[in-house]
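Asker: Below is one structure. I have some questions about it.
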Amino acid sequence: MSAPFGDGLTSQAARAELGVERGATAEEVKKAYRRQAMASHPDRNPDDAGADGRFKKVHAAYETLMRNGPDEEDEPGLTITVTISGFGPTVSHLAPAPGSVFVGSSDGKVVHLDSAGHVRGVHALGEGWAKPVVGPDGTLAAAWCDGILFYLQNDELRSLAEFDEPPRDMGIIGDDLFLWHRNRLDVVDTSGRARWGVEFSKNITNVAADGDRLLCGAGVLAVLKRASR
C-alpha cells in the first residue's frame, strides 16, 4: 500500500536545522537530534515562549531525514510504502483505534491506516522497531523507537524522554504512561519523569490497565491503584 506524504520541509532544510552535512550517517542524525531536542525542550526552557516552536521544528527535521534518508536529494513529494508481509520492513507492533489502526514497523515508522487500509499519516521515528500507544481518545499518544519515548498530542510531538532499556510493553493509565520490562513496572508522566515504580521477584508476564488500576501478572496477580492527585 502506498500514499503520498510530505510535511513541506526539504531534506536540505532539515539538514541545516539539525546542523548535519549531506552524507551524514543515520547515527549522526540521531545524535544531532537528541542534542538539539534536549536543548530546545520546553520543560528545560520554561521562560522561553519560542522553545515549543523550536522543539517541534527540530523534530520535524529529524522525521524528514529519517523518512527521506540523510543523504537524499530534496523531493517535492514523497511516497510512503507500507510492507505488510514479504521482504523488507515488517510489522513489529499494532495498536488498534476506532475505525483505524496504528502500525509500528521494524524500520522505525508508525503508520496510521484507516479501516480500508488507506494511509492517514506516517511518523518516521528512527531505524529500529517502533511501538505505538493509542490514547483514550483514539489518537496516537506515544511511541517508542531507538531508545526514545515520544509523546504526541493532536499528531504533534509534545515531549520526549530517553530510556536505556526497551520496554516489553507499554500503555496508558490516566494521563500517564506505564512501561514494563523483565521484573520491573514503571509509570512516567508525559515528560518522562518517574511517577512511581515497582520491582517483582519474578518476571512480569503481562500488564493491563483497568480504569485507575494496573493489573500485573508476575508470579502473583498484583493490583496497583493510581493515586488521585
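Asker: Quick one: among 185, 125, 140, which has the greatest mean-square fluctuation in a GNM of the chain with alpha-carbon springs under 10 angstrom?
Answerer: 185
Asker: Still on this structure: Treating only the Cβ atoms of Lys and Arg (+1) and Asp and Glu (-1) as charged, compute the dipole magnitude of region 157-221 about its Cα centre; round to the nearest 20 debye. Please list the in-between numbers first.
Answerer: Working: 8 positive and 11 negative charges, 34 e Å.
Dipole about the Cα centre, nearest 20: 160 debye.
Asker: Please give the helix 51-68 orientation as an angle from the longest Cα principal axis of the chain, in degrees from 0 to 90, rounded to the nearest 10.
Answerer: Helix 51-68 sits at roughly 70 degrees to that axis.
Asker: Among 37, 13, 62, which residue has its Cα furthest toward the positive end of the charge dipole of the chain, with +1 on Lys/Arg Cβ and -1 on Asp/Glu Cβ?
Answerer: So the residue we want is 37.
Asker: From the residues 101, 89, 147, which one has its Cα farthest along the dipole of region 88-169 in the positive direction, the dipole being from +1 and -1 charges on Cβ of Lys/Arg and Asp/Glu about the Cα centre?
Answerer: Of the options given, the answer is 101.
Asker: Full-extension gain between residue 225 and residue 175, please, as 0.36 nm times their residue separation minus the C-alpha to C-alpha distance. Before the final figure, lay out each step's value.
Answerer: On the way: separation 50, 0.36 × 50 = 18.00 nm, distance 1.40 nm.
Answer, rounded to one decimal: 16.6 nm.
Asker: Tell me the Rg and the Dmax, in Å, that the Cα atoms of the chain produce.
Answerer: Expressed in Å, the Cα Rg and Dmax of the chain come to 18.2, 55.
Asker: Quickly rank 37-50, 168-181, 100-113 as a protection proxy: mean count of other C-beta atoms within 10 Å, highest first. Intermediate results must be reported in sequence, preceding the final value.
Answerer: Values: 37-50: 13.7, 168-181: 19.0, 100-113: 21.6.
Highest mean packing first, the order is 100-113, 168-181, 37-50.
Asker: Among 218, 196, 171, pick out the residue whose Cα is farthest towards the positive end of the charge dipole of region 167-229, where Lys and Arg carry +1 and Asp and Glu carry -1 on C-beta, about the Cα centre.
Answerer: 218
Asker: Right, here's the next one. Students often forget the sequence filter, so: which lysines lie under 25 Å Cα-Cα from residue 202 once same-chain residues fewer than 8 apart are removed?
Answerer: Within the straight-line limit of under 25 Å, residue 202 reaches these lysines: 131, 225.
Asker: Which value, in debye to the nearest 20, describes the size of the charge dipole of the chain about its Cα centre when Lys and Arg Cβ atoms bear +1, Asp and Glu Cβ atoms bear -1, and nothing else is charged? Let's see the in-between values first.
Answerer: Values: 25 positive and 33 negative charges, 155 e Å.
Using only the charged Cβ atoms, the result is roughly 740 debye.
Asker: With a ≥ b ≥ c the root eigenvalues of the C-alpha gyration tensor of region 177-216, is it rounded (a/c under 1.5), prolate (a/b larger than b/c) or oblate?
Answerer: Oblate, because a/c is 1.5 or more while a/b does not exceed b/c.
Asker: A follow-up question, please. What spacing in nm lies between the two simple spin-label points modelled at residue 202 and residue 26, each 7 Å away from Cα in the Cβ direction?
Answerer: Rounded to a tenth, the inter-label distance reads 3.8 nm.
Asker: A further question on this structure: Taking the Cα centre of each part, how many Å lie between region 113-183 and region 37-59?
Answerer: Rounded to whole Å, the Cα centres lie 20 Å apart.
Asker: Okay, moving on. What does the charge dipole of region 95-229 about its Cα centre add up to, to the nearest 20 debye, if the Cβ of each Lys and Arg holds +1 and the Cβ of each Asp and Glu holds -1? Intermediate values should be presented prior to the final figure.
Answerer: Numbers: 14 positive and 18 negative charges, 92 e Å.
Taking the Cα centre of region 95-229 as origin, the dipole is about 440 debye.
A short reminder: the numbers here are calculations on the coordinates, not readings from a lab. Everything numeric in this text was worked out from a predicted model, so none of it was measured. Here Cβ is always computed from backbone atoms with ideal geometry, including for glycine, and neighbour counts include all displayed protein chains.
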